[in-house]
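Structure, as structure tokens:
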Amino acid sequence: MEKQYYAHESAIIDDGCTIGKGSKIWHFSHIMPNCVLGENCNIGQNVVVSPEVILGNNVKVQNNVSIYTGVTCADDVFLGPSCVFTNVTNPRSGVNRRGQYAKTHVGKGASIGANATIVCGHDIGEFAFIGAGAVVTKNVPAYALLVGNPARQIGWMSEYGQRLQFDETGKATCAESGQVYELQNGQVKRIS
């Protein structure tokens with residue numbers, strides 16, 4: 001059967017991988033054993049996807065990203081240039097901690113900015129937005145906007161990536177889409 005994805009001739013795809021229809025894997029990237037890439041993913045240049053990583057549909061991975069074992073990404077995730085995930089909380093060269101990898105899940109539609117670091121064992125909520133260079137050291141709520149080192153929440157973002165301004169009733173409207181959001185008890189959800 002003919003493959004239904006594109007891989008540049010310099011890309012390495014190890015045995016046991018599942019790669020969805022319409023996905024593209026660019027120059028010098030390495031997709032390691034038993035990875036799952038959904039449909040219409042775009043894997044930029046010089047990306048490492050470690051064994052058993054799972055990426056949903058339409059995941060965009062920019063150049064020089066490292067995605068290590070234990071990471072899963074839902075559909076429509078954006079991983080900015082040179083961002084990185086860790087998978088061991090206390091690494092030592094002389095101590096083998098394979099099999100002790102902490103898991104990290106990135107929720108649907110979330111964006112992680114260039115050069116951000118996601119410390120393992122911390123999940124990123126759906127449609128969250130992690131600013132460039134941020135270092136995430138705790139779980140991130142859905143729709144949250146985090147920046148800095150260590151990353152701190154400075155606001156909320158819409159599904160279109162626009163900053164949300166909540167009124168006294170706890171409602172906000174995305175300027176781009178017109179979608180309406182509600183903030184209750186420190187959690188945001190889209191209501192229309």
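K189 meets the conditions (1) assigned by TED's automatic domain parsing to the domain that holds D75; (2) under 19 Å from A74 (Cα atoms) in every case but one. The failed one is (1).
Of the candidates V61, V84, V95, the single residue that is buried (at least 22 other Cβ atoms within 10 Å of the Cβ) and either within 9 Å of the chain's Cα centre (by Cα) or of a type outside the set (F, W, Y) (or both) is V61.
Listed here are the residues, each with its yes/no results for (1) over 16 Å from the mean Cα position of the chain (by Cα); (2) of a type in the set (S, T, N, Q); (3) under 24 Å from Y68 (Cα atoms); (4) modelled with pLDDT of 95 or more.
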| residue | (1), (2), (3), (4) |
| --- | --- |
| A114 | no, no, yes, yes |
| C120 | no, no, yes, yes |
| F129 | no, no, yes, yes |
| G133 | no, no, yes, yes |
| P150 | yes, no, yes, yes |
| E159 | no, no, no, yes |
| K171 | yes, no, no, yes |
| K189 | yes, no, no, yes |
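Entry remark, the stretch 25-43: residues being surrounded by fewer than 20 Cβ atoms within 10 Å (Cβ to Cβ) and within 18 Å of S82 (Cα to Cα) number 5 in total. Of all the criteria given as (1) surrounded by fewer than 18 Cβ atoms within 10 Å (Cβ to Cβ); (2) outside the structural domain of D76 (by TED's automatic domain parsing); (3) in a strand (DSSP E or B), the one not satisfied by G178 is (3). Could you list, in sequence order, all residues of the stretch 54-85 that are in a loop (DSSP other than H, G, I, E, B), of a type outside the set (G, A, S) and touching a Phe, Trp or Tyr at 6+ places or on another chain (Cβ under 7 Å)? Result: Y68, T69. Among the criteria (1) in the same structural domain as F129 (by TED's automatic domain parsing); (2) in contact (Cβ under 8 Å) with a residue 12 or more places away in the chain, the one R152 does not fulfil is (2). Whenever a residue of the stretch 1-18 is assigned by TED's automatic domain parsing to the domain that holds M32, its partners that are hydroxyl-bearing (S, T, Y) and in a loop (DSSP other than H, G, I, E, B), lying with C-beta atoms within less than 8 angstrom and at least six residues away or across chains, give the pairs Y5/S23; Y6/S23; H8/S29; A11/S29; I12/S29. Residues in the stretch 175-187 that are in contact with a Phe, Trp or Tyr (Cβ under 9 Å, 6 or more places away or on another chain) and either among the hydrophobic types (A, V, I, L, M, F, W, C) or modelled with pLDDT under 95 (or both): 2 in all.
The values are calculated or read from the model by the stated rules, or taken from the named source; none is laboratory data. This is a predicted model, so every value here is computed, not measured. Here the Cβ is made from the backbone with ideal geometry for all residues, glycine too, and neighbour counts use every protein chain on show.
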